[in-house]
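The block underneath contains the structure these notes are about, expressed in structure tokens.
The values are calculated or read from the model by the stated rules, or taken from the named source; none is laboratory data. Since the model is a prediction, treat every value here as computed from it, not as a measurement. Cβ: placed from backbone, ideal geometry, glycine included. Neighbour counts: every protein chain shown. Heavy atoms of the whole protein, side chains included, go into the accessibility calculation; ligands, DNA and RNA do not. Shrake-Rupley method; radii C 1.70, N 1.55, O 1.52, S 1.80 Å.
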Amino acid sequence: MKKLLAMVLALVMTLSLAVSANAAFKDDKSISDDYAEAAAVLNGMGVFKGYEDGSFKPEGNITRAEVATIIYRIYTGDVAKNDKSGLYSTYNKFSDMAGAGWAQGYIGYCANAALVKGYPNGTFQPSGNITGYEVLAMILRAVGYDKNGEFTGADWALNVAKYAEQLGVLKNVAKTTNLGA
């Protein structure tokens, strides 16, 4: 249940991109109060580390690599300063991992645990922006869904949204949020 709660909190933060963090981030003043509690919980859990310059960048776009990192940290509980994600850096089955740098291990673990999927052309596009549907699919896989490939094919996004709605995952996401963006 803790993992589901953490995943839902991560979803709310990821989809909104208007999250809050504690004073550990130099740009915490530009963060929405609506998500302060969720951000504080995930930051306190060690899921969020921020950027090298000490910022959190709440108004920036989140990448596929960053979401894979969040999924890894929550799913494995590996949030130590020197986490073990590097052990999985050679596990990647995507053709574009050479440019993934710091995220190779996170993506490698998640790919091999079937928590993340790539694109039909064999890439993961780690520095690419991620859609709400893709985030939902990753989170739902991490809590046990998509065992029968429901999130593949032409209707994958529709199925992701259906499961998320049934589970109440979208309850705190604004109705105006474009999950395809």
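Quick notes
- Overall, the accessible surface of region 84-181 at a probe of 1.4 angstrom is composed of carbon and sulfur to the extent of 51 percent.
- Rounded to the nearest 20 debye, dipole of region 75-181 from Cβ charges on Lys, Arg, Asp, Glu: 140 debye
- Probing with 1.4 Å while keeping every protein chain in the model, the per residue accessible area of region 62-151 equals 44 Å².
- For region 37-128, lysine pairs separated by 8 or more sequence positions, or belonging to different chains, with Cα-Cα distances below 19 Å total 5.
- Considering only Ala68, Tyr91, Gly132, and ranking their Cα positions along the charge dipole of the chain that arises from unit charges at the beta-carbon of Lys, Arg, Asp and Glu, the one farthest toward the positive end is Tyr91.
- Over region 122-181, the pair-distance histogram of Cα-Cα distances with 5 Å bins from zero comes to 4, 17, 28, 27, 16, 7, 1 percent, rounded to whole numbers.
- Under 14 Å, Cβ to Cβ, from Tyr88 - net charge with Lys/Arg +1 and Asp/Glu -1: +1
- The simple spin-label model puts a point 7 Å past each Cα toward its Cβ; for Tyr119 and Glu59 those points are separated by 2.8 nm.
- R0 of 35 Å, Cβ-Cβ distance Asn148-Thr177: FRET efficiency to nearest 0.05: 0.80
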